[in-house]
4 protein chains.
Amino acid sequence: MEPGTARFEAFSDGVFAIAATLLVLEFSAAPGSDLGTELLQLWPSYLAYATSFLTIGIIWMNHNHTVSLLGRTDRTMLFINILLLLTIAFLPFPTKLVAQNLKGDGEQAAALAYAATFVLMAALHLIWWGYARKDRRLIANGTSESALRAVDRAYLPGVLMYGTVFVVAFFSPLAAVIITFAIAAFYLPSAALFDR
Amino acid sequence: MEPGTARFEAFSDGVFAIAATLLVLEFSAAPGSDLGTELLQLWPSYLAYATSFLTIGIIWMNHNHTVSLLGRTDRTMLFINILLLLTIAFLPFPTKLVAQNLKGDGEQAAALAYAATFVLMAALHLIWWGYARKDRRLIANGTSESALRAVDRAYLPGVLMYGTVFVVAFFSPLAAVIITFAIAAFYLPSAALFDR
Amino acid sequence: MEPGTARFEAFSDGVFAIAATLLVLEFSAAPGSDLGTELLQLWPSYLAYATSFLTIGIIWMNHNHTVSLLGRTDRTMLFINILLLLTIAFLPFPTKLVAQNLKGDGEQAAALAYAATFVLMAALHLIWWGYARKDRRLIANGTSESALRAVDRAYLPGVLMYGTVFVVAFFSPLAAVIITFAIAAFYLPSAALFDR
Amino acid sequence: MEPGTARFEAFSDGVFAIAATLLVLEFSAAPGSDLGTELLQLWPSYLAYATSFLTIGIIWMNHNHTVSLLGRTDRTMLFINILLLLTIAFLPFPTKLVAQNLKGDGEQAAALAYAATFVLMAALHLIWWGYARKDRRLIANGTSESALRAVDRAYLPGVLMYGTVFVVAFFSPLAAVIITFAIAAFYLPSAALFDR
């Protein structure tokens with residue numbers, strides 16, 4: 001069976017869009033006269049929300065781009081893609097942990113869980129790409145070798161970068177989240193992937 | 001890289017539809033014999049729900065219309081679009097704040113947060129449009145100048161209108177929400193955008 | 001402006017699918033040794049879930065069918081459609097009210113809110129159809145008059161049926177919910193709409 | 001009326017993607033210094049999440065494949081499909097029950113509810129397929145008999161397997177969940193469906 005990529009994209013787009021939009025459910029504030037102060041103190045929630053939303057958005061962009069290089073999918077690829085989506089769809093939970101615990105007693109555990117999720121996501125994305133790219137297994141005939149190498153350059157550092165964030169989380173949970181934000185805001189959109 | 005606009009639309013449509021549908025989660029009512037009275041006292045929730053749902057719906061219409069004028073997207077445009085979607089997807093939270101605090105102690109803070117979200121959204125939408133329109137950067141060849149000017153006339157007042165709502169929220173939170181509703185119900189659907 | 005119906009369908013499909021899937025969030029059960037008993041006592045939740053899910057599913061079928069008869073949309077039609085979707089997206093709240101209050105003190109208020117939502121939905125669906133059908137305003141050229149009359153026969157009784165459910169809810173909330181279920185399970189799928 | 005399968009697929013894809021993504025809402029952890037320990041003790045939640053997500057993902061793959069064998073749909077098929085989606089969309093609730101009760105007092109009831117949902121889902125999927133396949137009622141002309149028999153071989157054991165899981169849940173709730181996971185991870189992706 002060699003299905004095309006149309007509904008593969010539809011299901012993936014759906015999970016990306018829903019996971020990003022569910023992030024907002026992390027926010028809560030008790031009604032009352034102190035609401036203004038409380039909203040200002042929610043800054044860890046805003047930081048975690050922006051970081052996760054941007055990351056999901058940009059991984060969706062990258063996913064899109066690489067799917068456009070494929071000419072077909074197979075059963076194994078669909079399975080790896082489901083595993084990748086499983087980690088994307090999980091992201092609202094560690095995002096909520098960071099939102100609720102940053103600058104609190106549980107901040108280290110929260111930042112570690114957050115970073116670990118990104119490590120897993122980056123690793124699965126690399127496996128996803130490696131499977132499709134090996135001997136041009138699922139690559140469309142018209143895709144150039146230089147386009148493949150551009151993706152290699154963009155995907156390989158992912159696991160390493162998020163692994164570093166994981167180590168940083170042991171020393172400074174806040175720094176770990178800020179670096180994750182910076183990766184989404186500065187590194188990912190300018191990744192080698194698009195520099196062709 | 002100059003990707004087309006197909007999956008750009010799919011992801012955007014997804015976030016708009018999900019954000020609008022998640023608004024319903026703001027509602028809650030304790031079971032019991034006073035349920036009827038409680039449902040009537042939920043009027044701030046109904047007002048906030050209708051205001052946010054209509055606004056999202058009409059911004060989706062406008063987004064649709066302007067995307068149809070584009071001939072291509074680029075990396076920067078995708079990034080700005082993700083920022084715009086980030087504010088759309090955030091809307092369920094300030095909507096809930098208004099629903100829970102209107103006519104309560106926290107009503108000013110809630111209305112300010114609500115209006116600030118709309119200001120940010122309108123500003124990002126203006127940047128989104130300005131980027132695409134500058135020197136017809138991403139505009140399709142077949143799009144007329146008058147169609148572009150119609151969008152200009154519709155998008156420029158947005159920041160100003162929601163900025164006014166923000167100021168009104170200092171004096172009367174309820175009036176601020178009602179004006180936001182009126183903008184969605186009367187101004188936006190009849191905007192210059194469509195008057196051609 | 002006479003946009004086509006493609007993204008109109010995409011946004012509508014999204015709201016229908018999300019509203020139906022959010023219904024599951026009404027369910028909750030406290031952990032513990034009495035879980036088995038508690039799950040059996042949740043029967044009002046199962047009834048409300050099945051009723052709302054089936055109704056949304058079948059209204060989606062009907063919406064699909066009638067959109068396929070259209071040749072174009074206009075601004076007013078998009079606005080009416082947003083109002084219709086606003087009531088569809090609201091359904092998870094009255095569904096939760098029924099689930100939590102049936103056979104409790106608040107059951108009458110819950111059933112009235114539930115029925116009122118369906119009355120509003122049926123009325124908006126009728127307005128939606130009436131606007132498109134008047135003088136064949138938005139109807140595709142190839143659509144036969146008999147196809148239009150079949151939709152008339154299916155949509156006209158909707159408001160009346162749900163209005164009757166509203167009246168029944170004053171006397172027996174449970175009966176009102178069961179009749180709503182029966183409409184979704186027996187009447188709607190066999191509606192005149194499809195009997196051609 | 002013999003509608004095509006396009007929006008049938010769109011609505012189904014939406015419900016599958018949303019149900020899978022809502023699973024994450026089962027997770028919760030109280031903020032505090034014990035967060036690390038608490039996150040480790042959440043293993044039943046991780047197991048239930050992975051099991052349900054994988055199962056939904058693979059049932060979506062199978063659903064996709066079988067829809068691709070169809071040439072048309074009819075009203076009855078749409079109705080059966082809505083019932084199937086009703087059970088898919090319900091899955092987040094029993095998943096949450098398992099997550100909260102495994103290794104607790106309510107674990108047997110939770111595992112039974114979980115298994116019963118899968119039995120119902122498999123039975124409806126079999127009815128769905130049986131209806132389409134009977135006398136090639138909805139099968140596309142180009143679909144071979146061997147492709148149909150491959151689906152038969154894959155779908156028939158479903159009810160039996162999940163029925164066995166239901167029986168196992170009486171004796172060992174944990175074993176029942178692990179077998180469900182194993183079915184999703186090992187049996188379903190390698191099912192006869194694709195072995196052609």
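Just so you know, all these numbers are worked out from the coordinates, no wet-lab data involved. The model shown is predicted, which means the values in this text are computed figures rather than measured ones. Backbone-built Cβ (ideal geometry, glycine too); neighbour counts: all protein chains shown.
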| remark: Inter-copy distances for D:Gly142, label 7 Å out on the Cα-Cβ vector, sorted ascending, nm, one decimal, are 2.0, 2.0, 2.9
| remark: Most fluctuating of A:Ala20, A:Ala89, A:Ala175 in the GNM of chain A (C-alpha, under 10 Å) is A:Ala175
| message | Run the helix sum for the protein assembly as shown: -39,500 (n - 2.57) per DSSP H stretch of 4+ residues, divided by residue count, reported at 222 nm to the nearest 500 deg cm²/dmol. | response | -24000 deg cm²/dmol
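Could you work out the Kirkwood radius for region A:73-164, taking every pair of different alpha carbons, averaging 1/r and inverting it, reported in Å? Don't skip to the answer; put the middle values down first.
On the way: mean 1/r = 0.0679 Å⁻¹.
Computed over Cα pairs of region A:73-164, the Kirkwood hydrodynamic radius comes out at 14.7 Å.
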| query | When each copy gets a label point 7 Å from Cα toward the beta-carbon at B:Ala30, what are the spacings between them in nm, shortest first? | reply | 1.5, 1.6, 2.2
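Loop only per DSSP, at most 12 neighbouring Cβ atoms within 10 Å: give me the trypsin sites (Lys or Arg not before Pro) in region C:62-135, ordered by residue number.
Details: sites: C:Arg72, C:Arg75, C:Lys96, C:Lys103, C:Arg133, C:Lys134; in loops: C:Arg72, C:Lys103.
Loop-located and lightly packed - C:Lys103.
Quote the relative contact order of chain B in percent (integer), defining contacts as alpha-carbon pairs under 8 Å separated by 6+ residues.
Working: 228 pairs, mean separation 53.5, N = 196.
Over chain B, the number comes to 27 percent.
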| note | Among C:Leu83, C:Leu40, C:Leu120, the residue with the largest mean-square fluctuation in a Gaussian network model of chain C built from Cα contacts under 10 Å is C:Leu40
| What is the Cα coordinate range of region C:39-196 on the first, second and third principal axes, sorted by size from largest, in whole angstrom? | 53, 31, 27
| task | Taking only Cα atoms and a 10 Å spring cutoff, compute GNM fluctuations for chain B and point out the largest among B:Asp135, B:Asp34, B:Asp13. | result | B:Asp34
| field | Gyration tensor over alpha-carbon atoms, the protein assembly as shown, equivalent ellipsoid semi-axes in Å | value | 34, 34, 31
| said: For B:Leu156, place a label point 7 Å from Cα along the Cα-to-Cβ direction in every copy; what are the distances to the other copies, in nm, shortest first? | reply: 5.1, 5.1, 7.2
| What shape does region A:43-122 have by the C-alpha gyration tensor, where a ≥ b ≥ c are the square roots of the eigenvalues, rounded means a/c under 1.5, and otherwise prolate means a/b greater than b/c and oblate the rest? | prolate
| Exceeding the 26 Å Cα-Cα cut-off - candidates A:Lys103/D:Lys96; A:Lys96/D:Lys96; B:Lys96/C:Lys96; C:Lys96/D:Lys96 | A:Lys103/D:Lys96
